[in-house]
Amino acid sequence: MEKKNEEPSKEEEDNDIPTHHKKPVAKDLVTLKHVETKKQEISPETRSLAQTLKESYIEHDQFERLSNDEITILETFMGKRLFLERIAIIANQSRVPLGIPGFKKAELEKILEDLISKGYIQAELVGAKNVYFLTERGKYRVQ
């Protein structure tokens, strides 16, 4: 008994392929050769420019980044001029009920000084006390 539906063997399939399909493969046509590369030296001017840009970027990046405490203090202002004691009361109202210790006077003054140096608030001497208020930049940040 012979099988009528025999599949052709692999060799027979290869013979059935027309010769115009048996073209050389690209990897057979190309010969690779080793090419020497040299590291390019950076000029002193380029190096100093890169360092200056890096320093200004780091300074700018730190300038924009605010801690959670700084953001909390900024949000207490709401467009008002406030004394240190009032800032402490408003900021601590939201912290104490959550079990977070309130700001101490020295800690609050340090945060306010950081915000002044970053340009978000300003301070004026009124009587014997400082009054703090938002700058335009601070108002923009709070909005």
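Go through the stretch 78-113 and give me each residue that's in a helix (DSSP H, G or I), of a type outside the set (A, V, I, L, M) and within 19 Å of Phe133 (Cα to Cα).
Looking only at the stretch 78-113, we keep the residues that are in a helix (DSSP H, G or I), and these are 84-98, 105-113.
Retained after the next criterion (residues that are of a type outside the set (A, V, I, L, M)): 85-86, 92-95, 97, 105, 107, 109-110, 113.
Correct list: Glu85, Arg86, Asn92, Lys105, Glu107, Glu109, Lys110, Glu113.
Output the number of residues of the stretch 97-134 satisfying the condition of being exposed (fewer than 13 other Cβ atoms within 10 Å of the Cβ), of a type in the set (A, V, I, L, M, F, W, C) and over 32 Å from the mean Cα position of the chain (by Cα).
Residues meeting the conditions: 3.
Restricting the first residue to the stretch 98-124 and requiring it to be of a type in the set (D, E, K, R), which pairs with a second residue that is assigned to a strand (DSSP E or B) meet a Cβ separation below 6 Å and a spacing of at least six or different chains?
Close Cβ pairs satisfying both conditions: Glu124/Val131.
Bear in mind these aren't lab numbers, they're just calculated from the coordinates by the rules spelled out. Since we're looking at a predicted model, the values are computed, not measured. When we count neighbours, we look across all protein chains shown, and the Cβ atoms used for this are built from the backbone with ideal geometry, even at glycine.
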